[in-house]
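What follows draws every value from the coordinates through simple rules; no lab data is involved. Only a predicted model underlies this, so the values are computations on that prediction, with no experimental measurement involved. Because the Cβ atoms are built from the backbone with ideal geometry, glycine has one as well, and the counts that use them run over all protein chains shown.
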């Protein structure tokens, strides 16, 4: 038995419910591996688990979906990994904010040369999210008008770069002129200051009155109706997050009234449900990052003991790009 530091929470609530504790980590059972983390990803979904928006299985609970590290031991029946392999994961189970943990082997992917551990921890959940959004939920084509909310955020910056690489006309919403500069440096053709501009009207301006082919909306309640108004006829509304709160119930006839629109609420876990899907998605992500078409920029780094401050900064929109926690 080994002891390790981990962030856990006894009850749901604000960042203050997170605490650093010592946990006992046993040996990996069949089909599992023991990993020593080298870097951990910070993601908005972590705040959903902490607040109870996305309920965890039981309390007290660990937190965190994404990390990179080195395999220390493998359980019986594990043949794809061995001691010393560099690996990463992003689809849970939750508990990544820790020095050591045991993970199901089928949730891991090997890290190729050219992808550093910190880069992997910063990009796995966000990058796999971008992969399924751009390549499967709606397969972006050259010339598509794409609206991306929170364009200077972790997922947003990857989406903007990748969409531009695919030949799209990329429009991004941001909260400040400084974030607009960041978004333009990472693939945005046009930026909209959503706090002072009507973003739906500006999208029409940037598309010659047509509207967006697809909207990628991780904000939720505050932007949902405006996102529908931003779409072209037969456009696709992709609501993949709820940073401002859950979208309230609405009359689906609105989709008809606003142009026979399509609406989906996908999740990474739904798209990466099988081993084959997960590996294929990760390989495409690694390839586009290694090619230089998508750059992963780590703009904030925190120690594990500073997870409370990391959550505060994330929720107050003080962060840009990707953030990692070092164990």
For this session: Along each of the three principal axes of the Cα atoms of segment 142-265, give the extent in whole Å, ordering the values from largest to smallest.
Result: 39, 30, 24
Problem set entry | Residue-averaged [θ]222 nm for the chain, counting only DSSP H segments that reach four residues, each worth -39500 (n - 2.57) | -8000 deg cm²/dmol
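Using mean Cβ contacts within 10 Å as the protection proxy, how do 257-265, 171-179 order, highest first?
On the way: 257-265: 14.6, 171-179: 21.0.
For the peptides 257-265, 171-179, the packing ranking is 171-179, 257-265.
What ranking, highest mean first, results for peptides 271-284, 184-197 when packing means the other Cβ atoms within 10 Å averaged over each residue? Display every interim value, and only then the final one.
Numbers: 271-284: 16.4, 184-197: 18.6.
Answer by packing, highest mean first, reads 184-197, 271-284.
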Problem set entry | Equivalent ellipsoid, segment 60-105 (semi-axes from 5 times Cα gyration tensor eigenvalues, Å) | 19, 11, 9
Problem set entry | Footprinting exposure proxy for 160, 322 (fewest neighbouring C-beta atoms within 10 Å first) | 322, 160
Problem set entry | Per-selection Kirkwood Rh - segment 1-145 (Cα, Å, 1 d.p.) | 16.1
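With the convex hull built on the Cα atoms of segment 191-327, state its orientation-averaged projected area in nm². Kindly include the intermediate steps, with their values, before the conclusion.
On the way: hull surface 44.4 nm².
Directional mean of the projected Cα hull area for segment 191-327 stands at 11.1 nm².
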Problem set entry | Shape parameters for segment 230-286, alpha-carbon atoms, Rg then Dmax in Å | 15.1, 41
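Please give the per residue volume of the convex hull enclosing the alpha carbon atoms of segment 107-193, rounded to a whole number of Å³.
Details: hull volume 9.0 nm³, N = 87.
Cα convex hull per residue, to the nearest whole number: 103 Å³.
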For this session: Along each of the three principal axes of the Cα atoms of the chain, give the extent in whole Å, ordering the values from largest to smallest.
Result: 63, 39, 37
For this session: Compare 228, 59, 166 in a GNM of the chain, Cα atoms joined below 10 Å, and give the one with the largest fluctuation.
Result: 59
